[in-house]
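First the structure, in the form of structure tokens, and then the observations on it.
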Amino acid sequence: NDVGEVVRSFVRLQVWKMTDFEKIVWLESDSIVYRNLDWLFMRDWMWSARDDPLCQMTAETPSTSILLLYPSLADFNGLVKHAGKNFSDLRYDAIVTTYFAKVRKKPIQLLSEVEADFGQCLGNRIPTTYRNSDGTPVTGAWSTPAFIHQSGGIRYAVNKGQKANENNNMCFSLDMSHQKMT
């Protein structure tokens, strides 16, 4: 594991110690909120985006890019203990999702794609529940996720005959040339 990734994971676990709050919505900094997220605070238990950067619309794994959580010192201590036992994967997403699924036996629930998704999934791939009077899907703002993680597309590079994805998060880049797709 990359030492920087491990340090970032343990720093991010500190949010669980913010027990002055009943609920917290964690948003990663490489994201944008497109519509109001107040509705998320009305939900019970924890919710997160789906970890689906390739836009398959079948992901069953949580992504902590957006996470409704309930701070708890017991969970903080449990997460740290779990991370200490899980040397094979010390990424924050993996620590949090496996702790709640396997240790607490209460998995994180998944938001729909129109609630939260990756930037590269924007367009007509995201299913929307909103319909025009003729039954066709509403496009535009109402088919855009309320929360968008990683603004850019995915570039594909051929690596020994296989496609390897590189999420370039181009829209947050200070280099404007990164924002041009050819």
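Just a yes or no: is a residue in the stretch 108-131 farther than 16 Å from Ala59 by Cα and at pLDDT 80 or above? Looking through the stretch 108-131, at least one residue is farther than 16 Å from Ala59 by Cα and at pLDDT 80 or above.
Among the residues of the stretch 7-24, those that are hydrophobic (A, V, I, L, M, F, W, C) and more than 18 Å from the chain's Cα centre (by Cα) comprise Val7, Met18, Phe21. I'd like to know if the stretch 103-112 contains one or more residues that are in contact (Cβ under 8 Å) with a residue 60 or more places away in the chain, of a type in the set (S, T, N, Q) and within 19 Å of Asp30 (Cα to Cα). Scanning the stretch 103-112, I find no residue that is in contact (Cβ under 8 Å) with a residue 60 or more places away in the chain, of a type in the set (S, T, N, Q) and within 19 Å of Asp30 (Cα to Cα), so the answer is no.
Conditions (1) farther than 24 Å from Met18 by Cβ; (2) touching a helix residue (DSSP H, G or I) at 6+ places or on another chain (Cβ under 7 Å); (3) β-branched (Val, Ile, Thr), marked per residue:
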site	(1), (2), (3)
Asp30	no, yes, no
Met42	no, no, no
Glu60	yes, no, no
Tyr70	no, no, no
Val80	no, yes, yes
Lys106	no, yes, no
Ser112	yes, no, no
Gln120	yes, no, no
Val138	yes, no, yes
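Considering the stretch 1-105, the qualifying strands (runs of 3 or more DSSP E), each wholly inside and each with 1 or more residues that are open to solvent by 80 Å² or more (accessible area, probe 1.4 Å), run over 31-33.
The values are calculated or read from the model by the stated rules, or taken from the named source; none is laboratory data. Bear in mind that the values here come from a model prediction, so they are computed numbers and not experimental data. Please note: Cβ atoms are built from the backbone with ideal geometry, for glycine as well, and neighbour counts cover all protein chains shown. Accessible surface areas use protein heavy atoms only, side chains included; no ligands, DNA or RNA. Shrake-Rupley method; radii C 1.70, N 1.55, O 1.52, S 1.80 Å.
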